[in-house]
Amino acid sequence: MRAACLSVSIPCELVVNVDNPHEAGAWVNEAGFVVPVFSANLHEARGYNRAARLARGKYLVVWQDDQIPPRTGTWMLQMIRLFQTYPRLGILGMNTYRICRQKESTNRQGNPGWNPDPRTGITWTYVHFTDFAPMAILASVFWELGGLEEGFSRPGECGITGDWELCARAWVAGWQVGHFSWDGRKGDPVAHGGTHTSVGALACWNRQMDVGGGSFTKRYIHPVFVQDMCERVWAHNMLTFTLRSPDRCPYGEQSRGWANCTAPPEENRAAFAAQMQIHLPTENRQSEAGWDIGR
């Protein structure tokens, strides 16, 4: 991570949530770039919140220790450019995502099919929810929203659904959630995370999935409410992106036949945006001629 930051001259700090007490001796010897936070097995939601309280940067990037970043930091420059270009973009996922949680049975990976955004030259998308990790969020937005929900899990347990719950709160509070993919990140072949081990699977993916998922569903998953959120994500995508190919519509695939990629004509864009309470940028955009109807 240090090499990636240096490669693009971005000042960074690595705030490490030291969950395992037996690792304290190794981390205490690190200094400067690394800021260890000793959490004594508080684990995910509480550990992330504690680490975020000590972070000094404008952007928080949640990164898990079983992932190895590329040695170049181009993705950081792209991340910052998106946040700066879209001031209401509060969360930017870089792992898996859904553009509408209730209409998709599995998470998506990679680019959804849009051309690069004409304002930034970056291929990305608005999404309903996005997963840890990596996940970037403006530090100011993280604390405006109250950080991660700690009431869905006990100390020492994983924080399943905490990422989606944070995304839901962001949309409700008037912020936007996006996702962009980049190459070069890989799993650590030596130090695997503990969530998917036989020891962690029962507690995390069975019991905690039931508790966290049930609490999340009661709080946010009402048909009318979810439909409104999904339509808002769809509207943002229609007003921002053009399709790379007519058969690449992420809404109109045969297996996901619940929407399409029909953008409003140029003369109706302003009225449509006003109806959806979406602020259009004032600067010039590229032509809308590239839009195709999804099938």
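The values are calculated or read from the model by the stated rules, or taken from the named source; none is laboratory data. Only a predicted model underlies this, so the values are computations on that prediction, with no experimental measurement involved. Backbone-built Cβ (ideal geometry, glycine too); neighbour counts: all protein chains shown.
Considering only residues of the range 147-189 that are part of a loop (DSSP other than H, G, I, E, B) and acidic (D, E), which is modelled with the lowest pLDDT? The selected residue is D188. Every listed requirement among (1) surrounded by fewer than 20 Cβ atoms within 10 Å (Cβ to Cβ); (2) over 26 Å from P246 (Cβ atoms) is met by W75 save one, (1). Within the span defined as the range 114-136, one or more residues are part of a loop (DSSP other than H, G, I, E, B), β-branched (V, I, T), surrounded by fewer than 21 Cβ atoms within 10 Å (Cβ to Cβ) and touching a strand residue (DSSP E or B) at 6+ places or on another chain (Cβ under 7 Å). Scan the range 148-157 for residues that are surrounded by fewer than 20 Cβ atoms within 10 Å (Cβ to Cβ) and in contact (Cβ under 8 Å) with a residue 12 or more places away in the chain and the total you get is 4.
E23 meets all of the listed conditions (1) closer than 30 Å to Q208 by Cα; (2) in contact (Cβ under 8 Å) with a residue 12 or more places away in the chain but one, namely (2).
Exactly one residue out of T123, T161 is among the hydroxyl-bearing types (S, T, Y) and touching a Pro at 6+ places or on another chain (Cβ under 8 Å): that is T123. Candidates V141, V226, V233, V211: the one that is outside any strand (DSSP E or B), at pLDDT 85 or above and more than 24 Å from V62 (Cα to Cα) is V226.
If you go through the range 190-203 one residue at a time, do you hit one that is under 30 Å from Q84 (Cβ atoms) and either at pLDDT 95 or above or out of contact with any strand residue (DSSP E or B) (no Cβ under 7 Å at 6 or more places or on another chain) (or both)? No, the conditions are met nowhere in the range 190-203.
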